[in-house]
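Worksheet: one structure, shown below.
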Amino acid sequence: MKSTNTKIAFVYLTSRVKQSVVAMLSVVFGVSMYVFMNSFMTGVNDIQTTLAFSTLAHVRVHNETPMEEVSLLSGAKEDIIAHVRNKKNLQFTTGIRHSSETIKVLEGFSNVEAVAPEVNLTVSYRSGATKINGALAGVDPDMEDAVFDTSHYMVTGRWEDLRHRPDGIIVGKTLAENLGVTMGGDVHVATTEGVTRTFNVVGIIKFAVRSIDGRKAFANINIGRQMGAHNADYVTDLQVRIADFSSAPAVASKLAAFIPYTVEPWQEASGQLEAGSQLRNVIALAVSLAILIVAGFGIYNIMNMTVSEKIREIAILNAMGFDSGDMVIIFLMQSVVIGLFGGIVGTTLGFIISWIVDNSAFPVATLETYPIAYEVSNYVMAFVSGLITTFIAGVLPARKASRVDPVEILRGT
Amino acid sequence: MEDPKIILSARSVVKRFYEPQEFEVLKNISLNIQSGEFLAIVGKSGSGKTTLLYVLSTMDTDFEGELEVRGKNLRGMTRKQLAAFRNEHIGFVFQFHYLLPDFTAIDNVMLPAMKLNKRSKEEVREHALDILDSIGLKNLAEKKTNMLSGGEQQRVAVARSLINDPAIVMGDEPTGNLDNRNTQIIFDILCELARIRGQTIVTVTHDSEFAGKCDRIVELSDGRIV
C-alpha cells in the first residue's frame, strides 16, 4: 500500500516534468544562494578576523595604571576647613618589570600557543624636514612572528633581519611614504622623554590597516628597552595567541588568576570586530532565508495547482478506498522529492558558484580573490532549510487534497 | 440481518440539502437489495436518485437513518474506516471513467487491490489480466489510459470496479457519456456479470431502455420511491 502511494506520487511528478522541474529549480536557486551567501559571509568574517589578528592579539597582558584618583577632599565635611599642602602625585610603575616569570606562567597553559613580549613607545619619526608622531614597537622577531605571523605582511626586506640588526627598523608602508624613506634610508626616532636615535630602514611592512601602516614601526626589543631606559627584562605588553580565539574571554579570566597584571581578551579591546562578524552573519542568514521562503511560495503555488488539477482523480481515489492519510502521503511525497532533488542540485550549484567567486580577482588591501569559506555546516544548513521549506510548502496543498469531498466533486459533472 | 440474501439494507433514510435553502432530497427511504440483484434506480432529474446512490455507497455520510452492507452497520464509522470498507466491498463505475490518465490500463485496474494489500502484486496482476481478458481488453493492458477510446476507458473502469470482488458494484450513469454501440457493450458486460457471476449491481440511469433490461427498477420521484 505504501509503495502504491509512492508509485502514484512518482507518476504525478514525472507526468508533469515541466512543473516539477520549475518547482525544483526554485529550490535549487534558494539552496544554492543560501550556500553561497553564507560561504561568502563566513569567508569575509574569516578574512576580517585574520586581518584583525595581524595586529591585535587574542589576549593582551599589560600593567594598567589605576584609574581612580583619590581626592584628598572627599573626607571633608561642610563645616570643616580643609587644608591641603604640597600635594604629591605618586608615579605608578608602568609596564611589566620582570616579564620572563610571567611568560613562563603563560606558556604553562595548554591553551596558550605563543607569547610575544613587546616594548611599545610613543615616538616621533623624522626624516629630513618631515616629522610624524607614531609608535615604535620593540619586538622579539621570532616570538612576534609566532603570535601575529608578521613576516607574512612584509612588502620589502626580511622580517628576520631585526634579529641581528640593532640599528634596523621596519617601517609601515604609509609611514615610509610620508617620511619619504625607502629601503636603506635613515630615520631619526625621538621618544617623548627626549631620547633620540637613528635607524636604518631594513624593511617595509603593510597590514592594510591605515592607522597602523601610517604610524607604526618595529625595532628589536632590546633597542626599545634602551630608548625607554628600562631594565633588560622589561616589557610594556605581552601579546598572547591562544588555540581558539573565540574562547579568549574564558581563557583570559583563567589566566588572570595567576598573573598580577591586567589580562585583556580581544573582545574588550575591539568590540566592533565581534559585532561586525555577528551582524554580517545575521544579514547572510536573513537574505538566504528570504530567498528560501520565496522558493517555498513557488512550490506551494505549484503543488496547489496540481491538487486543483487532479481534484477529480483525488475524488475517485477516495471513492476507491484511498483515505485522507494516503492523499497527504501522495502529495507531500511529491514536495519532499522536489525538496531532496532541489537540495542536492542546489548545494552542488552553491559549491560551484562559491568556487567561481573564490577564483575571481579582488585585488583590494591584502586580498587577491574574494574570500570564500568552505564549511560543511553551511551546506548541511542549506540542505536542511531547503527540505523544511519544501515540506512546509507541501503540507498545505496536501491537506487540501486530503479534505476533498468526493461526493461534491463527482456529482458536479 | 434476518435474510442472508439481503446484501444492502437502508432504513428510513432522510437526506437534506442546506444550500441554497433547506430542502429534503430523500424522504424516508427504505430499500433492501438482494445478493445477485441487478437494480436500476431511475427518476427524473432532481428526483434524488444520484443522491441516494451516494448515500448507499457510503461516500455521503451526512444523512439520517440506518445503512447496513453485508450485515455491517455503517453509521458512526469514521471516514477512514469507510474508505477502507469501500475499498474492499464496493466497486464504482461513474458517468465519466475517471481513470488516472498517466497510468496504464492494468495499473488502473490494479490500484484498488494494491490499496487493499491482501494479495501479492503478482496475484493482483494476474487477476487484473483475467478481468481485462473477460471484457476483451487484454491487448490494451499496457496502454496508457489517455490513449484509449471513450468506450475502452469505460470498460477499464468496469474492470477496476471488479478487482477486489466487491459485494456491490455501483454505477452512476455508467453509459451516460457513451454512444449506442458502447452503451450496448457496457450493458452486456454488466448483464453478464449479474447473470453469470451473480454480481450485485446497483446503477443510476435515466436510460429507460437500459433500465428495462434490469432485474428490478426503483423509481424515485420527489425523494420518494414510487
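Checked against (1) part of a loop (DSSP other than H, G, I, E, B); (2) of a type outside the set (A, V, I, L, M, F, W, C); (3) at negative phi; (4) touching a residue at least 24 places away in the same chain (Cβ under 8 Å), B:Lys27 passes all but a single condition, namely (1). Can you tell me which residue within region A:125-171, out of those that are without any contact (Cβ under 8 Å) to a residue 24 or more places away in the chain and under 25 Å from A:Val195 (Cα atoms), is surrounded by the fewest Cβ atoms within 10 Å (Cβ to Cβ)? It comes out as A:Ala129.
State yes or no: is B:Ile33 under 19 Å from B:Phe94 (Cα atoms), buried (at least 16 other Cβ atoms within 10 Å of the Cβ), of a type outside the set (Lys, Arg) and more than 14 Å from every other protein chain (Cβ to nearest Cβ)? So B:Ile33 fails the test. For region B:66-82, the criterion of being surrounded by fewer than 21 Cβ atoms within 10 Å (Cβ to Cβ), part of a strand (DSSP E or B), of a type in the set (Asp, Glu) and more than 13 Å from the chain's Cα centre (by Cα) is met by at least one residue.
Just to be sure I understand, how many residues within region A:30-63 are in a loop (DSSP other than H, G, I, E, B) and not aromatic (Phe, Trp, Tyr)? Of the residues in region A:30-63, 6 are in a loop (DSSP other than H, G, I, E, B) and not aromatic (Phe, Trp, Tyr). If we keep just the residues of region A:276-310 that are crowded, with 17+ Cβ neighbours inside 10 Å and within 14 Å of another protein chain (Cβ to nearest Cβ), which is farthest from A:Ala23 (Cα to Cα)? Taking the candidates together, the pick is A:Lys310. Consider region A:147-193 and keep the residues that are hydrophobic (A, V, I, L, M, F, W, C) and in a strand (DSSP E or B). The one that is farthest from A:Gln239 (Cα to Cα) is A:Val187.
Filter region B:75-88 for residues that are within 7 Å of chain A (Cβ to nearest Cβ) and small (Gly, Ala, Ser) and give the result. Those that are within 7 Å of chain A (Cβ to nearest Cβ) and small (Gly, Ala, Ser): B:Ala83, B:Ala84. Of all residues in region B:89-110, those that are touching a helix residue (DSSP H, G or I) at 6+ places or on another chain (Cβ under 7 Å) and either under 14 Å from A:Ile314 (Cβ atoms) or at the interface with chain A (Cβ under 7 Å from one of its Cβ atoms) (or both) total 8. Residues in region A:311-323 that are facing chain B (nearest Cβ under 10 Å) and part of a helix (DSSP H, G or I): A:Arg312, A:Glu313, A:Ala315, A:Ile316, A:Leu317, A:Asn318, A:Ala319.
Filter the helices (runs of 4 or more DSSP H) completely within region B:129-226 down to those with at least 1 residues that are among the aromatic types (Phe, Trp, Tyr) and modelled with pLDDT of 80 or more. Give the derivation first.
Working: elements: B:150-162, B:180-197, B:208-212.
Those helices (runs of 4 or more DSSP H) span B:180-197.
I need a count of the residues in region A:8-28 that are surrounded by 20 or more Cβ atoms within 10 Å (Cβ to Cβ) and more than 14 Å from chain B (Cβ to nearest Cβ). Total satisfying the criteria: 5.
On the given criteria, is A:Thr347 surrounded by fewer than 15 Cβ atoms within 10 Å (Cβ to Cβ), under 18 Å from A:Thr42 (Cα atoms), away from chain B (no Cβ under 14 Å) and under 28 Å from the mean Cα position of the chain (by Cα)? Answer is no for this residue.
The values are calculated or read from the model by the stated rules, or taken from the named source; none is laboratory data. Predicted model only: the values in this text are computed from it and were never measured. We place every Cβ from the backbone using ideal geometry, glycine too, and count neighbours over all the protein chains shown.
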